[in-house]
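Novice: Mind looking over this structure? Questions follow.
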Amino acid sequence: MKDIIINIKDVSYRYEKNLVLEKINLTIPKGAFLAIVGPNGSGKSTLLKLLLGLLKVQTGSIELFGKQLQNFKEWDKIGYVSQKANSFNSGFPATVFEVVLSGLTKKIGLFRFAKKQHREKVWNALESVGMLDFANRNIGELSGGQQQRVFIARALVSDPELIILDEPTVGVDAANVKQFYKMLEHLNQNLGITLMLVTHDVEAVSEKITHVACLNKYLHFHGNSHEYQQLSDVELSCFHGNVTTKN
């Protein structure tokens, strides 16, 4: 099991009487690029909160890097990128460099100055997402797609082995979505980072991903991208409702 990054066993979760996840079993191997798809209210956000320890597991178990979630302490192995575009304050007075550097606050220490090795990590992270030339720009001056690249760099700066992305292209114009996913492919294939992507539009990233999970209260499908492409439109509509399906 040493090559399994995430191991979810028989996980169910309910909010009072509302059961939102039922008997979820899902394993994510090292090096995978997994897309999780499902309609609004399908339990995707709840599953992410459970993985990140923001909600307590009620039934079943979750292992991260071979350790039970309740015993897992190495959170710097996991980077998280949220739906920033819907909530980020574009007037926030910080440069791109400062935003990425904030991802090292735990390692540097509060109110301490960054050392040379910390600054080099920032440069490397920005270079990995193609934003090195924007280091001294104010974060609010960037487009939605550029801002998301910066927030991925912030997640990268602590050298994570897994990055979880929750609808990262919300607010990103269509012209930049393709380039954005190409950048994620680079992180996965060239840097060896395991990616877990929550999305409504799996087709936009279908050539980049290695695995797909269709979640709608139950885990209706989990397999590699080729197996997903063999599913009929009828099966897909039963799995995840009105999300974008194959042509």
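Novice: Of all residues in the range 212-247, which are at pLDDT below 90, in contact with a Ser or Thr (Cβ under 7 Å, 6 or more places away or on another chain) and closer than 23 Å to residue 162 by Cβ?
Specialist: Answer for the range 212-247, where residues must be at pLDDT below 90, in contact with a Ser or Thr (Cβ under 7 Å, 6 or more places away or on another chain) and closer than 23 Å to residue 162 by Cβ: 224, 225.
Table: residues versus (1) touching a Phe, Trp or Tyr at 6+ places or on another chain (Cβ under 6 Å); (2) closer than 26 Å to residue 203 by Cα; (3) among the hydrophobic types (A, V, I, L, M, F, W, C).
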{"residue": "11", "(1), (2), (3)": "no, no, yes"}
{"residue": "15", "(1), (2), (3)": "no, no, no"}
{"residue": "21", "(1), (2), (3)": "yes, yes, yes"}
{"residue": "30", "(1), (2), (3)": "no, yes, no"}
{"residue": "45", "(1), (2), (3)": "no, yes, no"}
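Novice: Kindly indicate whether residue 106 is modelled with pLDDT under 85, under 22 Å from the mean Cα position of the chain (by Cα), farther than 20 Å from residue 200 by Cβ and among the basic types (Lys, Arg).
Specialist: Spelling it out, residue 106 is indeed modelled with pLDDT under 85, under 22 Å from the mean Cα position of the chain (by Cα), farther than 20 Å from residue 200 by Cβ and among the basic types (Lys, Arg).
Novice: Since residue 197 meets every condition but one in (1) in contact with a Leu (Cβ under 7 Å, 6 or more places away or on another chain); (2) within 21 Å of residue 124 (Cβ to Cβ), which condition does it not meet?
Specialist: Result: residue 197 fails condition (2) only.
Novice: OK, next. Could you grab me the full set of residues in the range 161-211 that are of a type in the set (D, E, K, R) and either modelled with pLDDT of 85 or more or under 15 Å from residue 78 (Cβ atoms) (or both)?
Specialist: 161, 166, 167, 182, 185, 208
Novice: Inside the range 166-219, can you point out the residues that are among the small types (Gly, Ala, Ser) and part of a loop (DSSP other than H, G, I, E, B)?
Specialist: 171, 192, 206
Novice: What are the residues in the range 165-179 that are surrounded by fewer than 23 Cβ atoms within 10 Å (Cβ to Cβ) and either in contact with a helix residue (DSSP H, G or I) (Cβ under 8 Å, 6 or more places away or on another chain) or free of Cβ contacts under 8 Å to residues at least 40 places away in the same chain (or both), if any?
Specialist: Within the range 165-179, 166, 170, 171, 172, 173, 174, 175, 176, 177, 178, 179 qualify.
Novice: Which pairs turn up if I take residues in the range 13-40 that are more than 13 Å from residue 219 (Cα to Cα) and look for partners that are of a type in the set (Lys, Arg) with beta carbon separation below 8 Å, at least 6 apart in sequence or on another chain?
Specialist: Between residues of the range 13-40 that are more than 13 Å from residue 219 (Cα to Cα) and residues that are of a type in the set (Lys, Arg), the close pairs are 19/217; 33/208.
Novice: Looking at residue 61, is it touching a strand residue (DSSP E or B) at 6+ places or on another chain (Cβ under 7 Å), in contact (Cβ under 8 Å) with a residue 12 or more places away in the chain, in a loop (DSSP other than H, G, I, E, B) and polar (S, T, N, Q)?
Specialist: no
Novice: Something else: From 130, 140, 91, 79, which residue is at pLDDT 85 or above and assigned to a loop (DSSP other than H, G, I, E, B)?
Specialist: When all the criteria are applied, what remains is 130.
Novice: Tell me the strands (runs of 3 or more DSSP E) entirely within the range 1-53 that contain at least 1 residues that are of a type in the set (Lys, Arg).
Specialist: In the range 1-53, the matching strands (runs of 3 or more DSSP E) lie at 4-15, 18-29.
Novice: Against the definition (of a type outside the set (Ser, Thr, Tyr), in contact with a Lys or Arg (Cβ under 6 Å, 6 or more places away or on another chain) and either part of a helix (DSSP H, G or I) or buried (at least 16 other Cβ atoms within 10 Å of the Cβ) (or both)), how does residue 160 come out, yes or no?
Specialist: Yes, satisfied.
The values are calculated or read from the model by the stated rules, or taken from the named source; none is laboratory data. Since the model is a prediction, treat every value here as computed from it, not as a measurement. Here Cβ is always computed from backbone atoms with ideal geometry, including for glycine, and neighbour counts include all displayed protein chains.
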